[in-house]
1. All but one of (1) assigned to a helix (DSSP H, G or I); (2) at pLDDT 95 or above; (3) in contact with a Pro (Cβ under 8 Å, 6 or more places away or on another chain) hold for Ala103, so report the exception by its number.
2. Any idea which of (1) of a type outside the set (Phe, Trp, Tyr); (2) in a loop (DSSP other than H, G, I, E, B); (3) buried (at least 20 other Cβ atoms within 10 Å of the Cβ) is the one Asp57 doesn't satisfy?
3. Would you please list the contacts, defined by Cβ atoms under 8 Å and residues six or more apart or on different chains, that run from a residue in the stretch 285-305 that is among the aliphatic types (A, V, I, L, M) to a residue that is assigned to a helix (DSSP H, G or I)?
4. Going by the structure shown, is Val110 among the β-branched types (Val, Ile, Thr) and free of Cβ contacts under 8 Å to residues at least 40 places away in the same chain?
5. Condition first: modelled with pLDDT of 95 or more and out of contact with any Leu (no Cβ under 8 Å at 6 or more places or on another chain). Now tell me which residues in the stretch 124-147 satisfy that.
6. Taking the condition within 20 Å of Val306 (Cα to Cα), of a type in the set (S, T, N, Q) and crowded, with 18+ Cβ neighbours inside 10 Å, does Asn43 pass?
7. When you scan the stretch 108-115, do you find a residue that is in contact with a Pro (Cβ under 7 Å, 6 or more places away or on another chain), buried (at least 20 other Cβ atoms within 10 Å of the Cβ), closer than 24 Å to His245 by Cβ and not polar (S, T, N, Q), even just one?
8. Among the residues of the stretch 79-131, write down those that are polar (S, T, N, Q) and under 18 Å from the mean Cα position of the chain (by Cα).
Amino acid sequence: MISSLSRLLAPAFIGCALPLALVAADNAAAVKGFAPVSVSSANYRTTPRDELVRAVDGDRAAVNPETPGLKPLSAPIHFIFMPGEIYDADLTYEQLTEMLTPALAKKGYVNGADAQGLIREPAKVTLVLRVHYGTRTWRLPTVRATDLTWADGMVPRRKGKGLHNLGAEQTWEYRAGGNDDSLNAAAANAANTQSFGFGSGGGGGGAAAGGSAGGGGAAQGALTPGLGSNAGVGGVEYGSTRDFHLIVVDAFDYQELKKEGKSARRLWTTFVSAPKEPKQNFSDLASTLIRNATPYFGETTRGMQVYSDTRAEVKIGEMIEVKEPAKTP
């Protein structure tokens, strides 16, 4: 397990060719677009466990909250990207990570690889960011409070035996969706009898009271993430399984990942998404998703942050210019 993961990590320090993608400068006055966009984020190491569970599974969605101010790290943290699960998308992994790089830099996360994919100062790299992205069916686009190892991807890996296992390596995950009638019945049963625990156990949590992003002067929506009820924003986006454009960034400690392999635990996860509109490509929403996720990288949100106003819309002129891959010297 560890050796195979080490083989994945090693090439990152050798270098690879990355195409360049340029995103037009922000201009909030010129908008045209799609809504809603939702952001859910959790810092598993700095948020106390009880606070984490309440934020992820208990707090209601905040509808059009005030945009949180950027809180850059006290000192820059250098990272490398690694691919996670890649779904249907008209952007390559290299193109998307090139778009993510300047957004993460605003928070103090510095890409340890240069434009040619070479890591000039590998000793500075302390973080690995695993990126899942694309368009896929989903139901409730929030982070989890449990099943946080490298081996647990978008859907947790199978553990033991029981009705929650779907067979093979996959576990039943209500956030991912599926048969909505069955999921709604399970949610109703949980509300009435408390016989189901959605993400209220297991590891995670850390020491100090961690950062909290979002909230502001937000109206509290009807959505209770732990029960998967309808937010009433944009129809039934969060009450039924449908196609979502999504970007999920999982952060891992580099040294811990080398040592523990697939058992290494996440430091933080940020999940940003938007329901897919007809004839809409992933690239149409990529810049909007990243722009809305930026203040939340490495933070903990209090419930899902749902934006249905101009902040969620695609900006006129927000073009993505993709150049040819750079040649490795």
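1. (3)
2. Here Asp57 meets the rest and fails (2).
3. Ala286/Leu96; Ala286/Met99; Ile290/Met99; Ile290/Leu100; Ile290/Ala103; Ala293/Ala103; Met304/Pro225
4. yes
5. Residues satisfying the conditions are Lys124, Val125, Thr126, Arg130, Val143.
6. Numbers: within 20 Å of Val306 (Cα to Cα): yes; of a type in the set (S, T, N, Q): yes; crowded, with 18+ Cβ neighbours inside 10 Å: yes.
When the stated conditions are applied, Asn43 passes them.
7. No, the conditions are met nowhere in the stretch 108-115.
8. We begin by selecting, within the stretch 79-131, every residue polar (S, T, N, Q); these are 92, 95, 97, 101, 111, 116, 126.
Thr92, Gln95, Thr97, Thr101, Asn111, listed by residue number.
The values are calculated or read from the model by the stated rules, or taken from the named source; none is laboratory data. In this text the structure is predicted, and so the values were computed from the model without any measurement. Methodologically, a virtual Cβ is constructed for each residue, glycine included, from the backbone with ideal geometry; neighbour enumeration extends over all protein chains shown.
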